[in-house]
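K.L.:
Dropping the structure in here first, questions after.
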Protein chains: 2
Amino acid sequence: MHAEQPVRSGRAKRLPRAVRERQIMDAAVDVFSRLGFHAASMDEISEVAGISKPMLYAYLGSKEELFATCIRREATRMMEAISEGVEAEAPPDVQLWSGLRAFFGFVGANRAGWQVLHRQASSQGGPFAAELADMRGRAISLVAALLVHSSDFANVPRAGDKEAESLAAALVGAGESLADWWLDNPAEPAGVVAARLMNLVWMGFGDLVAGEVWHPPSRRTEYAAEDA
Amino acid sequence: MHAEQPVRSGRAKRLPRAVRERQIMDAAVDVFSRLGFHAASMDEISEVAGISKPMLYAYLGSKEELFATCIRREATRMMEAISEGVEAEAPPDVQLWSGLRAFFGFVGANRAGWQVLHRQASSQGGPFAAELADMRGRAISLVAALLVHSSDFANVPRAGDKEAESLAAALVGAGESLADWWLDNPAEPAGVVAARLMNLVWMGFGDLVAGEVWHPPSRRTEYAAEDA
DNA sequence: GGGTAAGCCTACTGGTGAGTAGGTAAGGCG
DNA sequence: CGCCTTACCTACTCACCAGTAGGCTTACCC
């Protein structure tokens, strides 16, 4: 599961700073995700990273700085993964579907990162939660914009910006929570989990905007552009 | 927000054990919710409770025992609140609606308790998470049974037990997550948050079982029992 | 009133973990 | 080759916190 490089013994090989920093960050995400911020010790992180504690302090600063850096890195990675996954020119439901797939794909390929990001960051107080709230806000805006566009699309005079934002918050929340649940029940593949949420949610949103039932793109004829 | 009794100075007044235990539990939930399990110190809990540390150990055992007891107490309280809130003889959608209202009502009236229950318990590992998973499992079964019944009700040959359980998990997850979100954005009343989730979710489920759109009971004539 | 048990305390120990002081090897460059 | 910068280390300090030893005081009951 968490396959960092083996524990060192003796002096570590000389490596350029950028490489070491990457190793340290990977180790930190791993340890923070397993133990939580407080229970994780700088000693353990340095051990997993294969270096000594002073190196850790020299490169990444205090424990809190290190944690904040982890959060920022994982948040950025995730937002990038989603941005790249979304099919921006597709109809709204397909945009949402591709976004969900990208999201669950990221979480599945990056469980430790997600754990740090969501569970740990939100249960610590202060600036960490703020960092998270920021990313969450961006995600919500994204979904809200999608919803507004989608009701324009269907010519329905519903869904003011406020309403859309609330619904987006609920959807983002549902996604986060389902991802958490998935971490504890990892039997199913990402696509199935994503499809479940899509089904649950879009059929609701579908009623809001058009009263329709949603099917995955591959079963539709009028949108068979990309399939893969 | 967390209005425990003021900090003592000197010797505390003599009180029967049961009362002290209650005070200690309240203090513990308060402190755990604010700081998290690890960052919370027994010193601070005893101070908030208005007694000294050895009393704490004499009555509630170790820090871990205390935490587990908190989780159990809050979990029990919550399940009771929901059980009492659900209108068991009502149609499925109204059952769900009343359950959601009871849930968000409990969270709103008991924020610290919810925080301990959900955020803290799930981010600690081991027996705590297990305790939580147990309660969650009961909640999911409850919702799943409701869904199965609801599709019987609509004479739709859909929603096998497995499918129902997945959907129930997603719904419970969405509820938990929306509750978390609400803690961070406490501007709205419980009813509004509950209604939002009901709307989002039932209109999805409604399609699953009957293709219908949901309205709150007060707008319907055939089920205008309570309003408040 | 006197015994005694329940309620309460101050004041410690031991362990753990954040952060640092001060020093050693290794590669590059004149 | 010798110098110096960068990478790296061992071995500490200091604070904080879980858990405890041992003793004081109040209420109740005979």
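The values are calculated or read from the model by the stated rules, or taken from the named source; none is laboratory data. Keep in mind it's a predicted model, so treat the numbers as computed, not measured. As a convention, Cβ positions derive from the backbone with ideal geometry for all residues, glycine included, and neighbour counts pool all protein chains shown. Surface areas here come from the heavy atoms of the whole protein model, side chains and all, with no ligands, DNA or RNA. Shrake-Rupley method; radii C 1.70, N 1.55, O 1.52, S 1.80 Å.
K.L.:
Of everything in the stretch B:199-216, what is assigned to a helix (DSSP H, G or I) and either surrounded by fewer than 19 Cβ atoms within 10 Å (Cβ to Cβ) or at pLDDT below 50 (or both)? Give them in sequence order.
P.N.:
Those that are assigned to a helix (DSSP H, G or I) and either surrounded by fewer than 19 Cβ atoms within 10 Å (Cβ to Cβ) or at pLDDT below 50 (or both): B:Phe205, B:Gly206, B:Asp207, B:Leu208, B:Val209.
K.L.:
Any idea which residue in the stretch A:30-53 is most open to solvent (accessible area, probe 1.4 Å), counting only those that are closer than 21 Å to B:Gly126 by Cβ and away from DNA strand C (no atom under 12 Å from the Cβ)?
P.N.:
A:Arg34
For every residue, the table says whether it meets (1) away from DNA strand C (no atom under 16 Å from the Cβ); (2) of a type in the set (Val, Ile, Thr); (3) open to solvent by 30 Å² or more (accessible area, probe 1.4 Å); (4) at pLDDT 95 or above.
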position: A:Ala28; (1), (2), (3), (4): no, no, no, yes
position: A:Leu56; (1), (2), (3), (4): no, no, no, yes
position: A:Ser62; (1), (2), (3), (4): no, no, yes, yes
position: A:Thr76; (1), (2), (3), (4): yes, yes, yes, no
position: A:Glu87; (1), (2), (3), (4): yes, no, yes, no
position: A:Trp97; (1), (2), (3), (4): yes, no, no, no
position: A:Asn110; (1), (2), (3), (4): yes, no, yes, no
position: A:Val116; (1), (2), (3), (4): no, yes, no, no
